[in-house]
1. Just order 355-367, 124-136 by mean Cβ neighbour count inside 10 Å, highest at the front, would you?
2. With a point put 7 Å past each Cα toward its Cβ, work out how far residue 184 is from residue 347 in nm, to one decimal.
3. Residue 171 to residue 285: FRET efficiency via 1/(1 + (r/R0)^6), r the Cβ-Cβ distance, R0 30 Å, to the nearest 0.05?
4. For the chain, with every protein chain kept in place, what is the accessible area per residue (1.4 Å probe, Å²)?
5. If you fit an axis through the alpha-carbon atoms of helix 170-190 and take the longest principal axis of the Cα set of the chain, what angle between them do you get, 0 to 90°, nearest 10?
6. With unit charges on the beta carbons (Lys and Arg positive, Asp and Glu negative) and the dipole taken about the Cα centre of the stretch 140-235, which residue among 150, 204, 193 sits farthest to the positive side?
7. Which value in deg cm²/dmol, rounded to the nearest 500, describes the helix-derived mean residue ellipticity at 222 nm for the chain, given -39,500 (n - 2.57) per DSSP H run of n ≥ 4 and division by the residue count?
8. Once a ≥ b ≥ c are taken as the square roots of the eigenvalues of the Cα gyration tensor of the stretch 1-66, is the result rounded (a/c under 1.5), prolate (a/b larger than b/c) or oblate (a/b not larger than b/c)?
Amino acid sequence: MRRALARIDLAAIERNCIRLARVAAPAALCTVVKADGYGHGAAPAARAAQAGGAAWLAVATAHEAAELREEGIGGPILVMGALSGQELTVALRARADIVAWSDGFVAALAAHPAAAGTGVHVKLDTGMGRLGTREEEEASRTAAAVAEAPRLRLAGAMTHLATADDDDPTFAREQLARFTPWAHAIRAAHGPLLRHVANSAATLGIPAARLDMVRCGIAAYGMDPFGEDPRRHGLTPALELRSYLAEVKPIAVGESAGYGRRFVAEAPTSIGTVPIGYGDGVRRALTNDCDLLIGGRRVPLVGAVSMDNVTVDLGRAPPERGAEVVLIGSQGPERVLAEEWARRLGTINYEITCAISRRVPREYHREADG
Ligand SMILES: Cc1ncc(COP(=O)(O)O)c(C=O)c1O
């Protein structure tokens with residue numbers, strides 16, 4: 001029995017990617033495996049994504065690309081984030097494609113000793129307001145500089161949507177309307193390249209945004225980009241977070257559990273201690289506000305989440321020590337989704353799986369197809 005364990009179903013990632021690739025076709029699927037594959041493990045997630053039809057992988061940082069190569073991952077990798085001089089060298093050595101939005105950067109890149117043959121994707125900022133240039137002319141100059149540099153390849157034209165997961169599609173459509181004519185002109189001037197815009201939400205919800213390639217992260221892991229229920233989109237959650245009942249003891253009226261006495265028994269009951277806490281990614285804000293699954297039923301977390309333990313109210317007929325505890329995932333007829341934690345915490349499902357810390361071992365299996 002492991003005190004805390006993240007079980008990752010690689011068949012679920014593969015199947016989710018098959019589904020996304022089908023939805024996106026004829027656009028290619030690029031699976032986003034940054035932040036250690038949204039907490040699932042970058043290299044295993046990347047392999048499962050490729051098996052599921054991902055033609056491309058994307059990461060945020062140069063070192064993430066280098067790590068994938070060290071793990072023996074082949075195929076095209078796009079580093080989507082900004083790169084300092086040192087990071088650029090790491091990205092180029094990893095044979096990754098990179099993103100550019102100024103001709104000054106392209107000049108430095110073209111002169112880099114490791115740049116030969118590098119694919120460059122030019123980024124227009126159509127409204128996200130982070131990376132990329134807001135000026136079409138500057139983006140076009142950047143594309144021309146890449147196309148004219150004999151050692152570089154103009155591989156893509158991209159933008160990123162700020163509100164694809166909103167009920168109101170207006171702003172996403174405006175972004176798309178800015179991007180499409182610019183990208184069309186770049187293609188007309190410089191020949192074939194990949195135009196890519198859509199994240200998971202846009203891939204599922206805005207067909208016009210699929211263009212030549214979609215960049216899907218959250219949906220590949222079986223989470224709902226709209227924060228509701230992945231089943232609505234035919235997606236299967238890939239990650240389960242498990243622990244076990246390390247201690248079970250009776251507690252009398254007026255006795256308490258945990259730091260700060262945030263739970264005081266109002267009736268005789270049993271307290272169970274589950275050895276997982278905020279040091280593992282169970283956020284402290286779930287104090288007195290979470291259900292765990294034990295014996296196929298929901299059991300309330302009571303008291304404060306501490307670094308290494310949480311306590312649960314097991315009632316008067318408690319399960320035995322050693323019983324399996326599911327924090328995220330299914331047990332019997334019950335399930336707890338990352339989306340449920342996100343709602344309770346006022347955050348997004350992305351942050352839930354990314355927050356599962358290094359202390360929690362990842363165990364890989366294939367279940368969705370078995
Ligand atoms: C530039 C870019 N494209 C695509 C994605 C994937 O987004 P999602 O996980 O919502 O599919 C991200 C992730 O945040 C991103 O930063």
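The values are calculated or read from the model by the stated rules, or taken from the named source; none is laboratory data. Note that the coordinates shown come from a computational prediction; the quantities given were computed from them, not determined experimentally. Note: ideal-geometry Cβ built from the backbone for every residue, glycine included; neighbour counts use all protein chains shown. Side chains included, ligands, DNA and RNA excluded: accessible areas come from the protein's heavy atoms. Shrake-Rupley method; radii C 1.70, N 1.55, O 1.52, S 1.80 Å.
1. Details: 355-367: 15.3, 124-136: 17.3.
Descending mean neighbour count gives 124-136, 355-367.
2. Between residue 184 and residue 347, the simple spin-label model gives 4.2 nm.
3. 0.50
4. Heavy-atom accessible area per residue stands at 42 Å².
5. The two axes meet at around 40 degrees.
6. 150
7. -8500 deg cm²/dmol
8. oblate
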